[in-house]
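Right, one structure below, let's go through it.
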Amino acid sequence: MKKSKIFRYVIAILILAFALVTLFMSSSVLFNWFGIRAKQGDFVPFIVWTNFVAGFIYLIAALGFLQSKKWTLWILTTVALLLFIALMILLLHIDRGGSFEFETIRAMVFRIVLTITFSLLAYYQLIKYKR
């Protein structure tokens with residue numbers, strides 16, 4: 001098996017794992033599975049919904065990466081933009097005195113950076129150096 005194919009599989013599995021964790025955690029808060037909502041403190045519902053939607057988009061991106069589809073880059077870029085817009089709205093919410101947990105800001109920044117990293121990997125693996 002070529003190194004690029006193995007690399008593509010590894011990245012697809014990482015995106016898939018991140019998607020599944022995202023879906024589990026966000027749905028657990030939204031639907032109060034396992035009493036997780038009580039442990040979350042002052043969660044911001046629109047951020048949790050954004051992450052929930054992003055989880056499904058990550059699933060599509062994992063499939064696209066696995067199948068070497070160029071549109072994977074645009075899916076991941078769109079999700080990064082969606083998360084960035086949600087972060088800007090969160091900051092506006094905070095500025096207006098809304099309740100939040102500082103961990104939410106860190107988590108959103110982490111998600112954005114990770115998604116941009118996945119986007120860059122898609123660009124280099126699927127578009128620029130397509131083998």
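The values are calculated or read from the model by the stated rules, or taken from the named source; none is laboratory data. None of these values were measured; they are calculated from a predicted model. Ideal geometry is used to build each Cβ from the backbone, glycine not excepted, and the neighbour counts take in all protein chains shown.
Quick notes on this structure:
- Near pairs, Cβ below 8 angstrom, 6+ apart or cross-chain, from the range 1-16 (without any contact (Cβ under 8 Å) to a residue 60 or more places away in the chain) to any residue that is part of a helix (DSSP H, G or I) and of a type in the set (A, V, I, L, M): Tyr9/Leu66; Ala12/Ala62; Ala12/Leu63; Ala12/Leu66; Ile13/Ala62; Leu16/Leu59; Leu16/Ala62
- Only a single criterion out of (1) surrounded by fewer than 16 Cβ atoms within 10 Å (Cβ to Cβ); (2) polar (S, T, N, Q); (3) under 30 Å from Lys2 (Cα atoms) is not satisfied by Thr72, namely (1).
- Inclusion of Thr72 among residues that are more than 14 Å from Thr22 (Cβ to Cβ) and at pLDDT 95 or above is warranted.
- Close Cβ contacts (under 7 Å, 6 or more residues apart or on different chains) running from residues in the range 112-128 that are under 20 Å from Leu59 (Cβ atoms) and touching a residue at least 60 places away in the same chain (Cβ under 8 Å) to residues that are outside any helix (DSSP H, G or I) and of a type outside the set (D, E, K, R) comprise Leu126/Ser68.
- Checklist (1) without any contact (Cβ under 8 Å) to a residue 12 or more places away in the chain; (2) buried (at least 20 other Cβ atoms within 10 Å of the Cβ) applied to Ala62, failing item: (1)
- Some residue of the range 70-85 being touching a Leu at 6+ places or on another chain (Cβ under 8 Å) and of a type outside the set (A, V, I, L, M): yes
- Between Phe31, Phe18, Phe52, Phe46, the distinction of being within 16 Å of the chain's Cα centre (by Cα), closer than 28 Å to Leu91 by Cβ and surrounded by fewer than 16 Cβ atoms within 10 Å (Cβ to Cβ) belongs to Phe46 only.
- Any hit, the range 76-98, residues being touching a residue at least 60 places away in the same chain (Cβ under 8 Å), in contact with a Lys or Arg (Cβ under 8 Å, 6 or more places away or on another chain) and within 28 Å of Tyr123 (Cβ to Cβ): no
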